[in-house]
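Let me begin by presenting the structure, written as structure tokens, before commenting on it.
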């Protein structure tokens, strides 16, 4: 496979990625008003580009927080803070992130490329020193991501009973919270069964 996944700040590749995600979200998610252009979370996070030569075919965004540099993730707001549901994140000084704006051109959505993108997100997040990655998606995509992670040997849990506030413009879409264990020492942990990351009862 000639497709490469890498962090990029190249203006040309980023412009291509922003256009791809706008088209994908409008067509596949039915969000006709979605604006895929650069936003504050793009500037604060890391963009993982999928490219074939100089041509971008997709990408994703990684937004993170660490004890020495705390920040709200894109999903968080005054009414929803992850550390209130997972207090061990604070108690154990865990660095973690959120994966958002995943997109691929339709002709490249093969099992091989999806698997490669998943592995690139895991490795990229680990390089940034995050132990866990959170994601919000509908049931179909959440189950796909769980299957991909399981096949790669990484833990991935869907937290069905945690209610997530809808993102502006996404109110008609299903919002399921999931968490991936992306560091070797965290591999295989369940988000609410493990003593290291226990979900607080509602």
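Within region 146-199, track down each residue that is in a helix (DSSP H, G or I) and either closer than 30 Å to residue 35 by Cα or at pLDDT below 90 (or both).
Selection gives 146, 147, 148, 149, 184, 185, 186.
I'd like the full set of residues that are touching a residue at least 12 places away in the same chain (Cβ under 8 Å), over 15 Å from residue 13 (Cα atoms) and within 17 Å of the chain's Cα centre (by Cα), limited to region 35-57.
41, 44, 45
Residues are listed down the side, and each one gets a yes or a no for (1) under 28 Å from residue 10 (Cα atoms); (2) part of a loop (DSSP other than H, G, I, E, B); (3) in contact with a helix residue (DSSP H, G or I) (Cβ under 6 Å, 6 or more places away or on another chain); (4) in contact (Cβ under 8 Å) with a residue 60 or more places away in the chain:
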| residue | (1), (2), (3), (4) |
| --- | --- |
| 121 | yes, no, no, yes |
| 126 | yes, no, no, no |
| 130 | yes, yes, no, yes |
| 144 | no, no, no, no |
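Considering only residues that are more than 21 Å from residue 116 (Cα to Cα) and either modelled with pLDDT under 90 or more than 18 Å from the chain's Cα centre (by Cα) (or both), which ones fall in region 11-27?
Correct list: 11, 12, 15, 19, 23, 26, 27.
Cβ-Cβ distance below 6 Å, separation of 6 or more or different chains: which pairs start in region 19-31 with a residue that is farther than 14 Å from residue 47 by Cβ and end on one that is modelled with pLDDT of 95 or more and buried (at least 19 other Cβ atoms within 10 Å of the Cβ)?
The qualifying pairs are 24/103.
From the list 135, 69, 151, which residue is under 21 Å from residue 41 (Cβ atoms), touching a helix residue (DSSP H, G or I) at 6+ places or on another chain (Cβ under 8 Å) and without any contact (Cβ under 8 Å) to a residue 60 or more places away in the chain?
The match here is 135.
Just to be sure I understand, how many residues within region 23-81 are touching a strand residue (DSSP E or B) at 6+ places or on another chain (Cβ under 7 Å) and in a strand (DSSP E or B)?
16
State whether one or more residues within region 28-40 are out of contact with any helix residue (DSSP H, G or I) (no Cβ under 7 Å at 6 or more places or on another chain) and either over 21 Å from residue 168 (Cβ atoms) or modelled with pLDDT of 95 or more (or both).
yes
How many residues does region 82-107 contain that are more than 21 Å from residue 163 (Cα to Cα), surrounded by 18 or more Cβ atoms within 10 Å (Cβ to Cβ) and in contact with a strand residue (DSSP E or B) (Cβ under 6 Å, 6 or more places away or on another chain)?
Count: 4.
Please determine, by comparing only the residues of region 12-27 that are touching a helix residue (DSSP H, G or I) at 6+ places or on another chain (Cβ under 9 Å) and farther than 13 Å from residue 51 by Cβ, which one is surrounded by the fewest Cβ atoms within 10 Å (Cβ to Cβ). Before you say what the answer is, go through the steps one by one.
Let us first name the residues in region 12-27 that are touching a helix residue (DSSP H, G or I) at 6+ places or on another chain (Cβ under 9 Å), namely 14, 18, 24, 27.
Remaining after also requiring farther than 13 Å from residue 51 by Cβ: 18, 24, 27.
Values: 18: 21, 24: 21, 27: 12.
Of everything passing the filter in region 12-27, 27 is surrounded by the fewest Cβ atoms within 10 Å (Cβ to Cβ).
The values are calculated or read from the model by the stated rules, or taken from the named source; none is laboratory data. Just so it is clear, the model here is predicted, and its values are computed rather than measured. Backbone-built Cβ (ideal geometry, glycine too); neighbour counts: all protein chains shown.
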